[in-house]
Amino acid sequence: MDAYIGVIAVLVIVVAVISVFIFISKRIRRVAPNEALVVVGRGTGRPTAADEHGPRVVIGGRVFIWPILQQGFSISLEQRQIGIVVEGVDANFIKLAIHASVNFKVSGTPEGVRRAAQRFLDQQDSLTQIIQQSLEGSLRSIIGNMPVTEIISNRNALSEGVVEATKMDLAEQGLQVDLLNISDISTPGTTYLADLGRAEAALARQNAEIKEAGTARESEFARIEAAEQIAERQKD
C-alpha cells in the first residue's frame, strides 16, 4: 500500500513539473532581432533608466508574460521602403516634379518603440502615410528656396536637408529615415531641362573649341620659334 501511494505521489509530482514546464514555455515570448515587444500590465519588472517613463520594451531575446496580469504587443523594426513624388516650384517659379525613394523604420531604441507604440501600435500600416506627408511637405518647401540648376547639381545636399528638417518631428513619433534617394527630376509640361542641357552642351563645345584653338596656336608658335632658332644656328 505504501509503495502504491509512493508511486502515485511520484506521478503527481511528475505531472505537476510537466504542467509547470508547459505553462512557462507557453508564456515565454521570443522576440526576433527585427522586432520589439511592448509589455504592459502589472509586475513588468523593475524598470531600468531607459524604461522608467513607460512600459517595458524588449528588443530581441525573450520575456515571460504573466497571464491575465500582463500582455505583450509586437511592433516591427524592419526597414521599409516607399516611393514619393513631389510637385512644386523652384526659387524661380519653374514647375518641378521630383521622384525619390525613402528607407525608414521604427527607431530601434526603447523610447522610440514606446513613442511609436503609443501612436501606431494598432495601425502600423499607416506609417507609410505619416512618412510620405512629412517628407513631401519638407521637400516641397526646400525646393522652393533653390534654383533648379542647384537642385540638379547637388541632389545629395537636397536629400540631406530634407532628412535633417524632418528628423526631430519624426523622432517624436518614434520614427527615423535612414535614406532618401532622389531618382529623377523633371519639369512637367516644359522642355526647360532639355533646353538647359542643350545650352550647356553648346557652351561645353564652345569652350572645347576655344581650348583646342589655343593649343593649336601655342603649337604653331613653338614650331615657328624652333625654326627660327635652327635658322640662327645655321647662320653661325
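Observations
- Between I28 and S76, the contour length at 0.36 nm per residue exceeds the alpha carbon distance by 15.4 nm.
- Estimated FRET transfer efficiency when R0 is 35 angstrom, pair T149-E172 (beta carbons, to 0.05): 0.50
- Label-point separation in nm, A97 to D184, each point 7 Å along Cα→Cβ: 0.8 nm
- FRET efficiency for E160 and I18, using Cβ-Cβ distance with R0 set to 41 Å, rounded to 0.05: 0.10
- At full extension, Q123 and F64 could sit 18.7 nm farther apart than now, given 0.36 nm per residue minus the alpha carbon distance.
Read-outs throughout are calculated quantities, based only on the coordinates presented, and are distinct from any laboratory measurement. In this text the structure is predicted, and so the values were computed from the model without any measurement. Every residue, glycine as well, gets a Cβ built from its backbone with ideal geometry; the counts of neighbours run over all protein chains shown.
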